[in-house]
Amino acid sequence: MIALTVAEIAAIVGGRLADISPEQAARTVVSGSVEFDSRRITAGSLFLALPGARADGHDHAASAVAAGAVAVLAARPVGVPAIVVDPGPKAASRSGALEHDDASGSGATVLAALATLAAAVAARLVAEGLRIIGVTGSSGKTSTKDLIATVLAPLGQVVAPPGSFNNELGHPWTVLRADEHTDFLVLELSARHRGNIAELAAIAPPQLAVVLNVGSAHLGEFGSREAIAETKAELVQAVPESGVVILNVDDSAVAAMADKTVARVVRVSRSAPADVWADAVVLDELARPRFALHAGGEADVTVSLGVSGDHQVGNALCAAAVALECGATPQQVADALAGAGPASGHRMQVSTRADGVTVIDDSYNANPDSMRAALQALAWIARGENPGAKRHSWAVLGEMAELGEDAISEHDRIGRLAVRLDVSRLIVVGVGRAMGAMHHGAVMEGSWGAEATAVQDVDAALALLRAELRSGDVVLVKASNSAGLTALADALVSDDPGDRR
C-alpha cells in the first residue's frame, strides 16, 4: 500500500482514534500491508480486525501489534492503537450477509471502511498512471486473471490477487497491495447477488474490463441465466468511455453486452474472425493448446500454452487482448503465454508422479461448465496421441455447490457425461441427493459394477485410489471447494506409492 499516516487513514474512513493520540497518529505511518490474518503481519502493517465464524480478529489485535502492526482497523477499542469505525444501528453489507459479518454488524462496518480506504488509494494511484483491469465470468476468472498478470509482466509491475480473492474482502485487500510502483492492477470480480460487481467495480473502476462467459455458477442464488448475465454486465457498465471492454463473443450472452457499454469494444473469438481470434487449435499429450493468434493487422503468431484444457484458449485470447491494448506485441504475448503455468493452486494443475500416475488437480471450484471442460481434458490426456494405447482414467468428483433447483439435473448430466467420454472409473465423493444423482446418471448411462462407485467421504476415496491406482493412470479431482477435495488432490500428488505395490 502507499504510505499513509494513521491520522490520514482515520480521516479517509471516518474513524475515531483509540489508544493513540492525534499527535502520534499524525507521526505514525502505515508503510506495510493491510492484513486480516495476524500471522501475516510484518513491520508497518495495518491489521484488519474482522469477526469470523471461528475467531474474532479483535481478540488478536494485541498480538498483531506485537508482531509489528502500527495500528488496527476495528469496530471497537482493542487496547492497542486503533482506528475505530463504529457500527451503525443497521450496519450491514449492501450486498447481503458476508462471511466475516457478525450479529452486531461490526464485520460489515470494518469491511465498508476497508472498501473506502481502497477506493481512496485506487483513485490516487490511477491519477498517477495506474491501469486497472477487471475480469468476470461464470467460470475461468482465476485462470484468466493469472494469464493476464503473466502477459502484462514484461510491460511493467503487476499486482494481482492470489487465488480467488474476488469478494468484498479479497477485492479491496488486493487493491491495497498496489503502490506507487505498480503499473497494472488486475482484479477478479465475483458475485452472489445482483449489485455485487457494481459495488466492487466502484472501489477500483477498471479502465479495461474482460467478460468471459455466462454460465450456471451460482444459479441457486440468481434464479436464472438472464439474471447472471445482467450481473456480469455490471462490470462493462463501470468502464468509462475512454476505456476498453473485451468480450468473448463465442458466448452470445457476453456478445450482447456490447450494447451495455459506452467504452470501445474488443471482440474475442476462438471460432471466427474477430478483433482477436484463434484458429488451427490443437492439443498436445497433456491437453495444452497450440493455436494461431490473429490480432487486427498484426502478423499472426503461433501460441503454445503452458496450461492444460481446450477451454484455456478463450481465456488466453482474452489475456492476449488485454496485453495488446496495453502495448504488447503479438510475439511478446506468445512468449509470455508459453511460460504461463497455473499460478493459483488447485486449478487445472497437471503433474505426473514418479510412478507414472498423472494427477489433474482442479479441485478448488466447480460448476457445470468447468466440470465439462475438466472431464474433456481428462478424456484427451487419457487418449493421448495414440488412441489404441488409451490410459486408464479416473474422475473423482464432488458436489457442485449453489445450483439451486438445477442441482439434481446438473449432477445427473455430469455423471452421464463421464460415461459418454469413456472415463474408465467414476468415483462420486459425498452423500446427499446431488451426489446420488451423479452416480445414478452414470449407472443409467451404462456404467456398471465398479465403473461408477459412490463413497462417503474423502478418506474413503483416497483409500480406494491408493489400493487400485496403477502406473500410467490419469486421475481428475474436481469439486466445489466446500466439498474438501483439495486435501485429496494434495495427498494424491504427494503420494509415493512404491511401498504399496
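The values are calculated or read from the model by the stated rules, or taken from the named source; none is laboratory data. Computed from a predicted structure; not experimentally measured. As a convention, Cβ positions derive from the backbone with ideal geometry for all residues, glycine included, and neighbour counts pool all protein chains shown. The accessibility values were calculated without ligands, DNA or RNA, using every heavy atom of the protein model including side chains. Shrake-Rupley method; radii C 1.70, N 1.55, O 1.52, S 1.80 Å.
What FRET efficiency comes out for the pair Ala354/Ser271, r = Cβ-Cβ distance, R0 = 41 Å, nearest 0.05?
0.55
Where only protein heavy atoms count, and the probe is 1.4 Å, what is the accessible area per residue for the chain in Å²?
39 Å²
Quick one: 3J(HN,Hα) in Hz for the range 439-452, Karplus 6.51/-1.76/1.60 with θ = phi - 60°, rounded, Gly and Pro as x.
Listing the rounded values in order: 5, 4, x, 5, 5, 5, 7, x, 8, 9, x, 7, 4, 10 Hz.
Please work out how much length the chain gains when fully extended from Arg54 to Ser494, using 0.36 nm per residue of separation minus the C-alpha to C-alpha distance, in nm with one decimal.
That pair, Arg54 and Ser494, stretches by 155.5 nm at full extension.
Quick check on the range 349-494: take the gyration tensor over C-alpha atoms, sort the square-rooted eigenvalues as a ≥ b ≥ c, and tell me if it's rounded (a/c under 1.5), prolate or oblate.
In terms of gyration-tensor shape, prolate.
Of the DSSP beta bridges with both residues in the chain, give the percent that are antiparallel, rounding to the nearest 5.
30 percent
Could you work out how much longer the chain between Glu451 and Ala299 gets when fully extended? Use 0.36 nm per residue separation minus the Cα distance between them, nm to one decimal.
49.8 nm
Could you work out how far apart the two model spin labels at Lys260 and Arg124 are, taking each label as a point 7 Å from the Cα in the direction of the beta carbon, and quote it in nm?
About 3.4 nm separates the two model spin labels.
Per-residue HN-Hα couplings for the range 143-160, Karplus 6.51 cos²θ - 1.76 cosθ + 1.60 at θ = phi - 60°, whole Hz, x for Gly and Pro?
4, 5, 4, 5, 5, 4, 4, 5, 6, 7, 3, x, 9, x, 7, 10, 10, 9
With a cap of 12 neighbouring Cβ atoms within 10 Å, and only residues DSSP puts in a loop, list the chymotrypsin sites (Phe, Trp or Tyr not before Pro) found in the range 376-460.
Listed in order of number, the matching sites are Trp448.
What translational diffusion coefficient, in µm²/s and rounded to a whole number, does the Stokes-Einstein relation yield for the range 129-339 at 20 °C and a viscosity of 1.002 mPa s, taking the hydrodynamic radius as the Kirkwood radius over Cα pairs?
Value of D from the Cα-based Kirkwood radius: 127 µm²/s.
Within the chain, what whole-number % of the accessible surface is contributed by carbon and sulfur, with the 1.4 Å probe and all protein chains included in the calculation?
Roughly 49 percent of what the probe reaches on the chain is carbon or sulfur.
Pairs of lysine in the chain with Cα under 23 Å and at least 8 positions apart or on different chains: total?
Lysine pair count for the chain: 8.
Please give the contour-minus-distance gain from Leu155 to Glu285: 0.36 nm per residue of separation, less the Cα-Cα distance, rounded to one decimal in nm.
Going from the current span to full extension adds 43.6 nm.
Amide H of Leu403: which non-local residues (sequence gap of 5 or more, or other chain) have their own amide H closer than 5 Å, using H built in the peptide plane?
Residues meeting the amide H criterion: Gly220.
For every other residue with a beta carbon closer than 12 angstrom to the beta carbon of Gly79, add +1 if it is Lys or Arg and -1 if Asp or Glu, then tell me the sum.
Once positives and negatives cancel, what remains is -1.
Taking a virtual spin label 7 Å from the Cα of Ser409 along the C-beta vector, which residues in the range 439-463 bring their backbone nitrogen under 19 Å of it?
439-442, 444-445
PRE reach from Glu226 (point 7 Å along Cα→Cβ): which of the range 138-162 fall under 20 Å by backbone N?
Within reach of a label on Glu226, which here means backbone N under 20 Å from a point 7 Å along Cα→Cβ, the range 138-162 contributes 138.
Excluding Thr182 itself, what net charge comes from residues whose Cβ is under 11 Å from its Cβ, given Lys and Arg +1 and Asp and Glu -1?
That sum, taken over residues with Cβ under 11 Å, equals -2.
Around Asp250, under 10 Å between beta carbons, what's the net of Lys plus Arg minus Asp minus Glu among the other residues?
Around Asp250, the surrounding residues sum to +1.
Determine, for each peptide in 399-408, 143-152, 278-287, 202-211, the mean count of other beta carbons within 10 angstrom over its residues, then list the peptides with the highest first.
143-152, 202-211, 399-408, 278-287
P(r) tail for the chain, what percent of Cα pairs lie past 31 Å?
Cα-Cα pairs of the chain separated by over 31 Å account for 49 percent.
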